[in-house]
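Read the structure below first, then the notes.
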Amino acid sequence: MKLYPNALFHIYNRGNNRQTLFFDRDNYLYFLEKVKEFITPHAEILAWCLMPNHFHFLLYIPSEKDSKDLSRGIQIILRSYTRAINKQKDRTGSLFTQNTHSKALVDDSVQANSYTTTCFHYIHQNPVKAGLVQKMEDWEFSSFKDYIGLRKGKLINRALANTFINISDDKQQFYEDAYSVIDESILEKIF
């Protein structure tokens, strides 16, 4: 995974052969505890979403040391989570695809902000697009609830997100932005 400092990244991975990663609520919570332990010391989380068979994070990496430590931290999370699930489900083998993907959301043009905003909304729209819920705020395992004030989650850095994405304090405007249709040509740039 290629990471470097002072940059925003879309980080994602899925279950090997698209298999389920999270079997019950406790699995999601355990994974989030690992995120808190191994990601938050090395990156600022702007958005996140855990889906039954994959996950997404929008991260800002502040320093060179943090980029190296974050890469190791993600490996530790995936290994330890896999061990826990294998034990819980009495199974063996890999759970995640071999490579966790990282896409830098940088560009020499004004488009970089569009990529970041698109990634932010795409991450939150995932559960609706997958048909898991009707509204984004109904999915427990994403940062959307934190942004609309239904939860006071400690994983996201809302102030930093505001510097990269012009998040409206007007709840109605934020909803309109969050539910807007994503431009497919920009969506390609976040993967």
Considering only segment 2-30, state which residues are buried (at least 21 other Cβ atoms within 10 Å of the Cβ) and over 15 Å from CYS119 (Cβ atoms). LEU3, ASN13, LEU21, PHE22
Looking only at segment 38-53, and only at residues there that are within 17 Å of ILE76 (Cα to Cα) and in contact with a helix residue (DSSP H, G or I) (Cβ under 8 Å, 6 or more places away or on another chain), the one that is surrounded by the most Cβ atoms within 10 Å (Cβ to Cβ): ALA43
Where residues in segment 76-95 are crowded, with 16+ Cβ neighbours inside 10 Å and touching a Lys or Arg at 6+ places or on another chain (Cβ under 7 Å), which of them is nearest to ASN16 (Cα to Cα)? TYR81
Contact list, first residue from segment 98-112 and under 16 Å from TYR60 (Cβ atoms) and at pLDDT 90 or above, second anywhere and among the small types (Gly, Ala, Ser) and not in a helix (DSSP H, G or I), beta-carbon distance below 9 Å, six or more apart or interchain, is ALA104/ALA7
In segment 124-142, what residues are under 16 Å from PHE22 (Cβ atoms) and either of a type in the set (A, V, I, L, M, F, W, C) or not in a helix (DSSP H, G or I) (or both)? ALA130, LEU132, VAL133, TRP139, GLU140, PHE141, SER142
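How many residues are touching a residue at least 40 places away in the same chain (Cβ under 8 Å), surrounded by 15 or more Cβ atoms within 10 Å (Cβ to Cβ) and either touching a Leu at 6+ places or on another chain (Cβ under 8 Å) or within 14 Å of TYR28 (Cβ to Cβ) (or both) when one looks only at segment 127-139?
Number of matching residues: 2.
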Among the residues of segment 143-158, which ones are surrounded by fewer than 20 Cβ atoms within 10 Å (Cβ to Cβ), touching a strand residue (DSSP E or B) at 6+ places or on another chain (Cβ under 9 Å) and not in a loop (DSSP other than H, G, I, E, B)? ASP146, ILE156, ARG158
Could you list, ordered by first residue, the pairs with Cβ atoms under 8 Å in which the first is in segment 177-191 and small (Gly, Ala, Ser) and the second is outside any loop (DSSP other than H, G, I, E, B), at least 6 apart or interchain? ALA178/HIS121; ALA178/HIS124; ALA178/GLN125; ALA178/MET136; ALA178/PHE144; ALA178/TYR147; SER180/HIS121
Could you list, in sequence order, the residues of segment 54-75 that are surrounded by 16 or more Cβ atoms within 10 Å (Cβ to Cβ) and either modelled with pLDDT of 95 or more or touching a helix residue (DSSP H, G or I) at 6+ places or on another chain (Cβ under 9 Å) (or both)? HIS54, PHE55, HIS56, PHE57, LEU58, LEU59, TYR60, ILE61, ASP69, LEU70, GLY73, ILE74
If ALA178 meets every condition in (1) more than 23 Å from ILE61 (Cβ to Cβ); (2) in contact with a strand residue (DSSP E or B) (Cβ under 6 Å, 6 or more places away or on another chain); (3) small (Gly, Ala, Ser) apart from one, which number is that one? (2)
For segment 159-191, name all the residues that are of a type outside the set (Asp, Glu), surrounded by fewer than 14 Cβ atoms within 10 Å (Cβ to Cβ) and modelled with pLDDT of 80 or more. ALA159, ASN162, THR163, GLN172, GLN173, TYR179, SER180, VAL181
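The values are calculated or read from the model by the stated rules, or taken from the named source; none is laboratory data. Treat the numbers as computed from the prediction; the structure is a model and nothing was measured. As a convention, Cβ positions derive from the backbone with ideal geometry for all residues, glycine included, and neighbour counts pool all protein chains shown.
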